[in-house]
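The values are calculated or read from the model by the stated rules, or taken from the named source; none is laboratory data. Since the model is a prediction, treat every value here as computed from it, not as a measurement. Note: ideal-geometry Cβ built from the backbone for every residue, glycine included; neighbour counts use all protein chains shown.
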Amino acid sequence: MKNYAVIDGHCDTAVELYRKKEGLLDNNRFISLRRAEKLPGFIQFFAFCVVWMKEEPDKQAVFDRARRNLCAEIERNADRIRLCRNAADAKSVLQNGSCGAFLSIEGAEAIGCDPGRLEKAYEDGVRMIALTWNEANALSGSCMTGEGLSAQGREFARRAQKLGIVLDVSHLSERGFWDLCDIAEKPFVASHSNSAAVCPNVRNLTDEQFKAICDLGGTTGLNLYGEFLTENTATYEDVYRHLDHLLSISGGGHVALGGDLDGCSILPTGFTGVDNYNDTAWYLQGKGLDGDTMSALYNGSLMEVLETCIM
């Protein structure tokens, strides 16, 4: 069985490191550099979700502190990980079998839902943004509330794509999703969402939504959170069921990894950290997935989005 280099589209580790005052090298999270170095190459989109932190009224300030904290951790471990800003950086990381980090925002409250703040976010290294988390904001309704994109949300989405920031629809309302399809000029992703046909959770994608993502050249990251995989105890077989269904629609090339690690506590039995992506690969190969499908899933499909969207 072969191990594959990983590009994972979503984790919540950065905010947890900031909150728990832990380091990136060794910690009590699902993602650490010690764990990641067991993979044959690893790139993580570190998402900053600050909407739910009710004890922090100034969302922009706490985002900036958490971002600076992660960047300091990356600098502290510069011999092990680098901050990636484009596809070329990502390719270099994987070619060297090392670790890389992209910065991501989950819930645009982190920059005040302000289209005028996108340039600064881009300069600071942000390369992916989800307009909403689970709450509605000035840009759109969420998967929990239902409203579509506002005029401000449309402007925000257009400016983000023009800058080279990938849009993430994992928490967006279905109305907002279709509104975005109408104006999208580049591919977008659902960084950590599964198939609603396999597990009917509001956070999962309908087949029609997944087809639209494929048609635009985007990708969907398999979420390892148990409640998004099955109504029972989650196993690697449930991960395979979601993947198999999505592949039956897309034929491959539009499914990625988006584990939601450190943003959830219920994971498939046996999955205890990012290093277990090796075990997942062995399981999926045992189910008959070929090398091209595995390469696309583990790094290729997200790399294609990076090459198209991130300058």
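Observations on the model:
- Applying the criterion of being touching a helix residue (DSSP H, G or I) at 6+ places or on another chain (Cβ under 8 Å) and assigned to a helix (DSSP H, G or I) to the residues of the range 179-196, the residue that is surrounded by the fewest Cβ atoms within 10 Å (Cβ to Cβ) is Ile183.
- Filter result for Ala138 (at pLDDT 95 or above, out of contact with any His (no Cβ under 9 Å at 6 or more places or on another chain), outside any strand (DSSP E or B) and over 30 Å from Ile74 (Cα atoms)): yes
- The set of residues in the range 68-91 being under 19 Å from Ile105 (Cα atoms) and in contact (Cβ under 8 Å) with a residue 24 or more places away in the chain consists of Asn69, Leu70, Cys71, Glu73, Ile74, Leu83, Cys84, Arg85, Asn86, Ala87, Ala90.
- Answer residue from the range 249-292, given it is at pLDDT 95 or above and of a type in the set (Ser, Thr, Tyr) and is farthest from Gly226 (Cα to Cα) among those: Tyr283
- Some residue of the range 260-271 being more than 23 Å from Pro187 (Cβ to Cβ) and touching a Pro at 6+ places or on another chain (Cβ under 9 Å): no
- Residue tally, condition over 19 Å from Val202 (Cβ atoms) and part of a strand (DSSP E or B), over the range 104-135: 6
- Selection within the range 156-171 - over 22 Å from Gly146 (Cβ atoms) and among the polar types (S, T, N, Q): Gln161
- The lone exception for Arg68 - which of (1) in a helix (DSSP H, G or I); (2) surrounded by 20 or more Cβ atoms within 10 Å (Cβ to Cβ) it fails: (2)
Residues are listed down the side, and each one gets a yes or a no for (1) of a type in the set (D, E, K, R); (2) part of a loop (DSSP other than H, G, I, E, B):
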position	(1), (2)
Glu227	yes, no
His245	no, no
Gly253	no, yes
Pro268	no, yes
Leu284	no, no
Asp292	yes, no
Ser295	no, no
Gly300	no, no
Leu306	no, no
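- Test set (1) in contact with a helix residue (DSSP H, G or I) (Cβ under 8 Å, 6 or more places away or on another chain); (2) assigned to a loop (DSSP other than H, G, I, E, B); (3) in contact (Cβ under 8 Å) with a residue 60 or more places away in the chain - Gly263 fails condition number: (1)
- Scope the range 146-185; condition of a type in the set (S, T, N, Q) and under 18 Å from the mean Cα position of the chain (by Cα); matching residues: Gln161, Ser170, Ser173
- For the range 264-279, the count of residues that are farther than 18 Å from Arg35 by Cα, under 20 Å from the mean Cα position of the chain (by Cα) and not aromatic (Phe, Trp, Tyr) is nonzero.
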